[in-house]
1. Within the range 108-118, identify whether any single residue is in a strand (DSSP E or B), surrounded by fewer than 21 Cβ atoms within 10 Å (Cβ to Cβ), within 13 Å of the chain's Cα centre (by Cα) and not acidic (Asp, Glu), and answer yes or no.
2. Looking at the structure I just gave you, is Glu104 outside any helix (DSSP H, G or I), touching a strand residue (DSSP E or B) at 6+ places or on another chain (Cβ under 9 Å) and either loosely packed, with under 15 Cβ neighbours inside 10 Å or without any contact (Cβ under 8 Å) to a residue 40 or more places away in the chain (or both)?
3. Name every residue in the range 1-26 that is within 21 Å of Gly120 (Cβ to Cβ) and assigned to a helix (DSSP H, G or I), in order of residue number.
4. Suppose we filter the range 27-76 for residues that are part of a strand (DSSP E or B), surrounded by 13 or more Cβ atoms within 10 Å (Cβ to Cβ) and either out of contact with any helix residue (DSSP H, G or I) (no Cβ under 6 Å at 6 or more places or on another chain) or of a type in the set (Asp, Glu) (or both); how many remain?
5. Considering the range 83-101 alone, what residues qualify as being more than 16 Å from Val125 (Cα to Cα) and assigned to a strand (DSSP E or B)?
6. Starting from residues that are crowded, with 17+ Cβ neighbours inside 10 Å and within 16 Å of Glu13 (Cβ to Cβ), keep the ones in the range 77-101 and report whichever is nearest to the chain's Cα centre (by Cα).
Amino acid sequence: MHAQLQGTVFSGEGVGRKFIGFEWAKQQIKEKLGFDPYQGTLNILLSRTEAQHLKTILSKVKKIEITPERGFYRGWCVKVHLMNQIEAAIIIPQKPNYPSNILEIVAPIPLRQALSLEDGDIVEVTVRLDC
C-alpha cells in the first residue's frame, strides 16, 4: 500500500546541504536509512491540498528519527521513491514554524542531475504506508 504526493521543484537556501554535511547527520542517515547521502537535498513545494495530504500520510507511516547534537533540532525521515525510480527519504525538520508545504528529499545521488530536474518541474513522491 502506498500514497502519492506531487510537488514542484524549487531552489532552496542551502540549509539541507549544511545539515547533510554534519558528520552526525550523515552517519545516522547511513545507519538508519541504509545509504550514504549526497550532500544536499531536493526541495519540493507542495500545494495546500498536497501539504494536507502529507500530514495525513505522516500520521500513518513509520518515521525514523535523526537525533541531533546539542543546539540543533531533531528530524524525522520517511523512506520514499522519487518518480518511481530512486529510493530516497523525506527529511522533516522538527524546527518550530518549519513550513508544512516543503519537502526536503535526501538520496544517495544528486537528484537534480539524475532526473534532469529544473526549478518548476513537477515530481512525484511515493510513500509506502506498510512500513
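1. No.
2. Taking the combined requirement at face value, the residue does not satisfy it.
3. Just the residues of the range 1-26 that are within 21 Å of Gly120 (Cβ to Cβ), to begin with: 4-17.
Of everything in the range 1-26, those that are within 21 Å of Gly120 (Cβ to Cβ) and assigned to a helix (DSSP H, G or I) turn out to be Val15, Gly16, Arg17.
4. Counting residues in the range 27-76 that are part of a strand (DSSP E or B), surrounded by 13 or more Cβ atoms within 10 Å (Cβ to Cβ) and either out of contact with any helix residue (DSSP H, G or I) (no Cβ under 6 Å at 6 or more places or on another chain) or of a type in the set (Asp, Glu) (or both) gives 5.
5. Taking the range 83-101 and keeping what is more than 16 Å from Val125 (Cα to Cα), we get 93-99.
Answer for the range 83-101, where residues must be more than 16 Å from Val125 (Cα to Cα) and assigned to a strand (DSSP E or B): just Pro93.
6. Restricting to residues being crowded, with 17+ Cβ neighbours inside 10 Å and within 16 Å of Glu13 (Cβ to Cβ), the top hit is Ile91.
Bear in mind these aren't lab numbers, they're just calculated from the coordinates by the rules spelled out. Please read all numbers here as calculations on a predicted model, not as lab measurements. So basically every Cβ, Gly included, is an ideal-geometry build from the backbone, and we count neighbours across all protein chains shown.
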